[in-house]
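The block underneath contains the structure these notes are about, expressed in structure tokens.
What follows draws every value from the coordinates through simple rules; no lab data is involved. Predicted model, so just to flag it, every value in this text is computed and none were measured. Every residue, glycine among them, receives a Cβ derived from its backbone with ideal geometry; neighbour counts consider all protein chains shown.
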């Protein structure tokens, strides 16, 4: 439960807020379970603040420092978090439906089970971010940097990951139905047992990606480059590889009569594209 004295600081100018934090550097502000709809937090350092279970619908946290802040079970529908610094913050089971997180820094943040339907994470930093079981239906992740991002069992149906960089990402058992991964870069990524039905990988680059036991029904890999990709046990029913380039891998052993392998190229390791 929020502490009344801490809530009262929101009525004061930002310098009073910062003064309090400096005088109580061993104590984090407690604004948990509070009604904070449409509150403007700009120019306030919210690092370490406890917002757990608070309603922050429509709140303005644009560019706000949220390092190690606690937002577990918080409601942030249509909240503005563009450019916020939320490294090591915790958003476990938080609801961020239709929120704007463009350019946010979620370095090692915890968003396990978070609801990010329709959220905008374009150009966000998802370095080792925990998104296991998160719902990213129809979310936008254009140009995100997803090194080591944990997205196991996450739902990315109809999500846009155009030109996303997912290096060493953990994507096993995730769902990408009708997701847009055009021009995406996936290196050393694990997509085993993932469901990629009707996903778009046009002109994408996949290097050392594990697609074993993945469902690639009607997925579109036209003009994609696939290097050392594992297809063991994958479902390639109606998968379209027209014009794709394969280097040190070959899907023919699991291909079906409906798999389109027309105009593909099989190149030796000497032609490896980095």
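List of remarks:
- Equivalent ellipsoid semi-axes - Cα gyration tensor, segment 129-246, angstrom: 19, 14, 14
- Value at 222 nm in deg cm²/dmol, rounded to 500, when DSSP H runs of n ≥ 4 in the chain each add -39,500 (n - 2.57): -1500 deg cm²/dmol
- Gyration tensor (alpha-carbon) shape descriptor, segment 102-156, a/c threshold 1.5: oblate
- Modelled label reach - residue 256, point 7 Å along Cα→Cβ, segment 162-182 residues with backbone N closer than 18 Å: 176-178
- Each peptide in 111-124, 226-239 receives the mean, over its residues, of other Cβ atoms within 10 Å, and ordering these scores from highest gives 111-124, 226-239.
- Measure of compaction for segment 89-193 (Cα Rg per 2.2 N^0.38 Å): 0.90
- Convex hull projection area averaged over all views, segment 1-133, Cα basis, nm²: 6.8
- Residue separation of residue 43 and residue 178 scaled by 0.36 nm, minus their Cα-Cα distance, works out to 44.6 nm of gained length.
- Legend: ranking of residues 38, 44 from fewest to most surrounding C-beta atoms inside 10 Å; resulting order 38, 44.
- For residue 5 and residue 33, a Förster radius of 25 Å and the Cβ-Cβ distance give a FRET efficiency of 0.95, rounded to the nearest 0.05.
- Pairwise FRET efficiency - residue 265 versus residue 78, Cβ, R0 = 41 Å, nearest 0.05: 0.30
- Rounded to whole Å, sorted largest first: equivalent-ellipsoid semi-axes of the chain, Cα gyration tensor: 43, 16, 14
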